[in-house]
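Report on the structure given below.
The values are calculated or read from the model by the stated rules, or taken from the named source; none is laboratory data. Only a predicted model underlies this, so the values are computations on that prediction, with no experimental measurement involved. A quick note on method: Cβ atoms are made from the backbone with ideal geometry, for glycine too, and the neighbour counts reach across all protein chains shown.
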Ligand SMILES: Nc1ncnc2c1ncn2[C@@H]1O[C@H](COP(=O)(O)OP(=O)(O)OP(=O)(O)O)[C@@H](O)[C@H]1O
Ligand SMILES: [Mg+2]
């Protein structure tokens with residue numbers, strides 16, 4: 001595999017009973033690339049992110065993150081499931097930001113951001129604190145580090161959630177509709193933080209309906225429908241002259 005491919009998914013298939021949620025989905029993401037995944041509700045976008053992050057187990061296909069097979073190890077021609085410790089190690093390399101912010105309610109913003117590096121990565125507290133403060137400053141929350149989630153707006157909470165993912169220094173961050181639970185006036189502050197993160201070179205896969213963000217920030221856009229990767233290509237091409245009529249219809253529907 002070429003060195004700068006961070007995520008490679010090949011024919012990822014996921015079934016829920018008789019229902020095919022993902023049907024041979026393939027995708028490659030290069031280091032530093034921002035890929036926006038768009039598509040109608042139920043098309044499998046979240047399921048795909050969850051397979052990359054091992055929150056779901058795929059039925060067939062394979063995913064590599066940073067050249068490492070996700071969830072399995074190969075012995076000769078056989079694949080064996082990796083043990084829990086290896087899975088945990090792999091999952092630490094992938095950040096995830098959800099629609100709902102999922103912060104620990106009993107911890108301050110700073111404590112939420114420090115939790116993973118201190119408890120999971122066992123990094124020295126003083127070092128992590130400095131990094132967490134810097135990251136919270138970067139997302140515009142220097143004055144809120146001692147606030148609890150209940151004392152923060154939705155947009156601020158989501159920025160803490162992004163800071164928390166960043167503080168783990170992951171290989172990539174997955175975003176699942178990070179702005180869709182926010183009041184409209186709070187959307188742009190979160191998108192601005194994500195734009196800044198993209199500019200810093202973070203590899204990002206972003207499930208979103210924010211086509212303006214996709215147009216301005218994404219390198220590639222992928223359109224999914226009914227569990228299939230219908231179209232993927234440079235953002236400007238997919239958003240302005242999509243090859244598939246289904247992509248065109250979807251984009252038109254989101255705009256209207
Ligand atoms: N745990 C589950 N059990 C059964 N079916 C599921 C499960 N999780 C997801 N599905 C189904 O798989 C399909 C894909 O779901 P998924 O959540 O990935 O869609 P999505 O594209 O993220 O949709 P949305 O835009 O609404 O978030 C849906 O039809 C959903 O009902
Ligand atoms: Mg979803």
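Check whether at least one residue in segment 56-69 is within 16 Å of ligand 2 (Cβ to nearest atom), more than 13 Å from the chain's Cα centre (by Cα), buried (at least 16 other Cβ atoms within 10 Å of the Cβ) and more than 17 Å from residue 98 (Cβ to Cβ), and report yes or no. Checking segment 56-69: not a single residue is within 16 Å of ligand 2 (Cβ to nearest atom), more than 13 Å from the chain's Cα centre (by Cα), buried (at least 16 other Cβ atoms within 10 Å of the Cβ) and more than 17 Å from residue 98 (Cβ to Cβ). Each residue in segment 22-44 was checked for being within 13 Å of residue 176 (Cα to Cα) and more than 8 Å from ligand 1 (Cβ to nearest atom), and 4 pass.
In segment 198-212, is there at least one residue being over 30 Å from residue 104 (Cα atoms) and either out of contact with any strand residue (DSSP E or B) (no Cβ under 7 Å at 6 or more places or on another chain) or in the same structural domain as residue 41 (by TED's automatic domain parsing) (or both)? There is at least one residue in segment 198-212 that is over 30 Å from residue 104 (Cα atoms) and either out of contact with any strand residue (DSSP E or B) (no Cβ under 7 Å at 6 or more places or on another chain) or in the same structural domain as residue 41 (by TED's automatic domain parsing) (or both). Restricted to segment 198-256, the set of helices (runs of 4 or more DSSP H) holding at least 3 residues that are without any contact (Cβ under 8 Å) to a residue 24 or more places away in the chain and away from ligand 1 (no atom under 15 Å from the Cβ) comprises 235-240, 245-255. Summed over segment 14-34, residues that are in a strand (DSSP E or B) and either outside the structural domain of residue 202 (by TED's automatic domain parsing) or on the phi > 0 side of the Ramachandran plot (or both) total 1. Here residue 47 meets each of (1) within 16 Å of ligand 1 (Cβ to nearest atom); (2) without any contact (Cβ under 8 Å) to a residue 12 or more places away in the chain; (3) surrounded by 14 or more Cβ atoms within 10 Å (Cβ to Cβ) with one exception, condition (2).
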